[in-house]
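Below: one structure, written as structure tokens.
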């Protein structure tokens, strides 16, 4: 009887988990003419990268990396392709010309040879991240994920800051001593020749490559402790800045606005796209300008930029979450948004594409993380709260 009771308990738990997943999916909304489907269950699913054969790579909050095989088709159960000797294997990218998968973890960048047969391959660490000390006056790392992107034969690596905005005590701005933190580095695909590409950027988790122009875009999650509603959180064209781009954190935010007395913000970057404070941008992907796949999106989405806003813990005065999780769409003309930034209103450049992650004041059924465009034109996004991967595509007549 004890064994039967135990099995019944497992069955009840499995049914409850299935109901929760179905509830999370059914709460989501997409524009008319599209259909959304949950295609995989992966705990702590984070960033995504699409493969030419229709598979999708999935990073996680743990040490495992998965492939959702045939994500454009039947999408059977995910396959674990690697377990890395480090935590937070969340950042993933694919180099088609090298047949290599890159993964960013807390302390390393890894390469996994891709054989195309969806079997496990031996990962190899090619670069170290966060090898130095945390900022003086702090007691530990604030941000521990590493994002990666591959463009024009080079690997871009982003690591967040070790502090929020200030040293302990709050009377001095945070100043990193490890150049790999609060920064984006660029290196050869074997990990050699690392150089700084962007600095003073608090936590650029979202990295995206425009397939039309090969420009590398970045999305940042802003600091806490400023006047409510600030700083706005941004997406920007890193490739538009020929030297090391200075994003000004923590002294300078938004339109070169100084939040510390005496800060010189004249040469810091004023980003191209803004979202409201606390959006927490974790993923971004460009839709191809000339898609040829079976599930190509309508013309108005082509060449545009999609981004996932995870939504932070910040609350309004009445106790509601200050920013809802959502997946947004930014119309683009090449590497410029069709609408310029309105520095008085960070809601004018984008529209919701997937919504419904939050019901009411504080109830969240999910929080989107990674995003990728599949080989046949489907849009994929992950959700680390609901533990899943979703597919969005136009309805077929």
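In table form, for the structure just shown:
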{"quantity": "Count - residues of region 87-113 that are under 21 Å from the mean Cα position of the chain (by Cα), surrounded by fewer than 20 Cβ atoms within 10 Å (Cβ to Cβ) and either within 25 Å of residue 385 (Cα to Cα) or free of Cβ contacts under 8 Å to residues at least 24 places away in the same chain (or both)", "calculated": "3"}
{"quantity": "Selection status of residue 269, at negative phi and either in contact with a strand residue (DSSP E or B) (Cβ under 6 Å, 6 or more places away or on another chain) or buried (at least 16 other Cβ atoms within 10 Å of the Cβ) (or both)", "calculated": "yes"}
{"quantity": "Region 239-268, subset without any contact (Cβ under 8 Å) to a residue 60 or more places away in the chain and under 25 Å from residue 327 (Cα atoms), residue farthest from the chain's Cα centre (by Cα)", "calculated": "253"}
{"quantity": "Considering residues of region 326-340 that are under 20 Å from residue 29 (Cα atoms) and free of Cβ contacts under 8 Å to residues at least 60 places away in the same chain only, the residue surrounded by the fewest Cβ atoms within 10 Å (Cβ to Cβ)", "calculated": "331"}
{"quantity": "Selection status of residue 185, under 22 Å from residue 313 (Cβ atoms), part of a strand (DSSP E or B) and at pLDDT 95 or above", "calculated": "no"}
{"quantity": "When residues of region 341-361 are limited to those that are in contact (Cβ under 8 Å) with a residue 24 or more places away in the chain and in a strand (DSSP E or B), the one nearest to residue 273 (Cα to Cα)", "calculated": "352"}
{"quantity": "Subset of region 298-309 (residues that are in contact (Cβ under 8 Å) with a residue 60 or more places away in the chain, under 23 Å from the mean Cα position of the chain (by Cα) and assigned to a loop (DSSP other than H, G, I, E, B))", "calculated": "303"}
{"quantity": "Search result, residues across region 317-340 that are in a strand (DSSP E or B) and either closer than 22 Å to residue 280 by Cβ or touching a helix residue (DSSP H, G or I) at 6+ places or on another chain (Cβ under 8 Å) (or both)", "calculated": "321, 326, 327, 328, 329, 330, 332, 337"}
{"quantity": "Some residue of region 94-110 being at positive phi and modelled with pLDDT under 95", "calculated": "yes"}
{"quantity": "Some residue of region 279-297 being part of a loop (DSSP other than H, G, I, E, B), over 30 Å from residue 45 (Cα atoms) and in contact (Cβ under 8 Å) with a residue 12 or more places away in the chain", "calculated": "no"}
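The values are calculated or read from the model by the stated rules, or taken from the named source; none is laboratory data. Computed from a predicted structure; not experimentally measured. Here Cβ is always computed from backbone atoms with ideal geometry, including for glycine, and neighbour counts include all displayed protein chains.
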